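Scroll down for the structure; my scribbles are underneath it.
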């Protein structure tokens with residue numbers, strides 16, 4: 001890569017790290033940039049995932065205070081996320097490109113709708129019964145599959161689901177989201193390192209940028225009131241869906 005391309009990829013990683021810490025759609029910044037500098041689609045996707053894992057770790061560290069007391073949730077949902085991400089990574093490597101392109105914007109818009117509405121009181125006050133825990137595990141698996149295969153706005157979809165299933169402040173749920181997205185990306189990255197071609201120069205640049213970007217995103221994003229954070233996620237997710245629709249029809 002030329003010095004200009006190196007700078008552009010590094011800045012894209014910086015932006016993606018900050019976006020992922022707050023909303024969760026940073027891949028839509030880094031992935032097109034990697035394509036633009038000449039990487040094939042699968043290589044760009046794989047290298048992008050590997051690089052953004054380091055930003056995920058940075059975001060989790062930034063939200064460490066919000067994660068206190070959530071060990072049981074993390075353990076339960078991380079199991080489902082791990083299995084789902086492994087499934088999604090396999091699908092990415094064996095299925096043709098674009099299999100789910102038409103469905104993804106609809107999933108993101110549904111998540112935005114769920115984020116925009118206020119949950120009914122019974123949704124935010126019910127105890128974590130065995131049935132509800134099973135739903136959490138299944139949700140973690142499903143979103144993990146999505147994250148391992150595609151990943152765009154994975155955080156938006158996951159945060160919307162967590163908000164409906166868990167009675168807690170949105171910032172604490174955002175911290176949990178960052179952990180689970182990091183698990184999904186980490187599992188997928190391990191599979192890609194073992195079975196796919198990683199462009200390590202691109203992955204390294206994305207990693208360096210996303211570490212700093214996620215730290216900044218977590219530092220300022222965690223100060224947002226819940227209603228403001230919810231609005232940011234809805235607007236950001238809607239923009240992601242529009243971008244994906246435009247790509248699909250153009």
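Here are the numbers:
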quantity	calculated
Residue 188 being within 16 Å of the chain's Cα centre (by Cα), part of a helix (DSSP H, G or I) and surrounded by 22 or more Cβ atoms within 10 Å (Cβ to Cβ)	yes
Qualifying residue in region 115-135 (condition: part of a helix (DSSP H, G or I), surrounded by 21 or more Cβ atoms within 10 Å (Cβ to Cβ) and at pLDDT below 80)	yes
Some residue of region 75-87 being under 23 Å from residue 224 (Cα atoms), modelled with pLDDT under 90 and either touching a helix residue (DSSP H, G or I) at 6+ places or on another chain (Cβ under 7 Å) or part of a helix (DSSP H, G or I) (or both)	no
Residue pairs meeting the criteria (Cβ under 7 Å; at least 6 apart or on separate chains; first more than 14 Å from residue 168 (Cα to Cα), in region 65-76; second part of a helix (DSSP H, G or I) and at pLDDT below 90)	76/133; 76/136; 76/137
Condition met for residue 247 (in a helix (DSSP H, G or I) and within 23 Å of residue 63 (Cα to Cα))	no
Qualifying positions in region 164-178 - modelled with pLDDT under 85 and either touching a helix residue (DSSP H, G or I) at 6+ places or on another chain (Cβ under 7 Å) or within 18 Å of residue 89 (Cβ to Cβ) (or both)	164, 165, 166
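Here is a yes/no grid of residues against (1) in a helix (DSSP H, G or I); (2) modelled with pLDDT of 80 or more; (3) farther than 23 Å from residue 189 by Cα; (4) in contact with a helix residue (DSSP H, G or I) (Cβ under 6 Å, 6 or more places away or on another chain):
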| residue | (1), (2), (3), (4) |
| --- | --- |
| 9 | yes, yes, no, yes |
| 16 | yes, yes, no, yes |
| 34 | yes, yes, no, yes |
| 38 | no, yes, no, no |
| 48 | yes, yes, no, yes |
| 52 | yes, yes, no, yes |
| 91 | yes, yes, no, yes |
| 105 | yes, no, yes, yes |
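The values are calculated or read from the model by the stated rules, or taken from the named source; none is laboratory data. Quantities reported herein were computed from a predicted structural model and do not represent experimental measurements. Cβ atoms come from the backbone with ideal geometry, glycine included; neighbour counts cover every protein chain shown.
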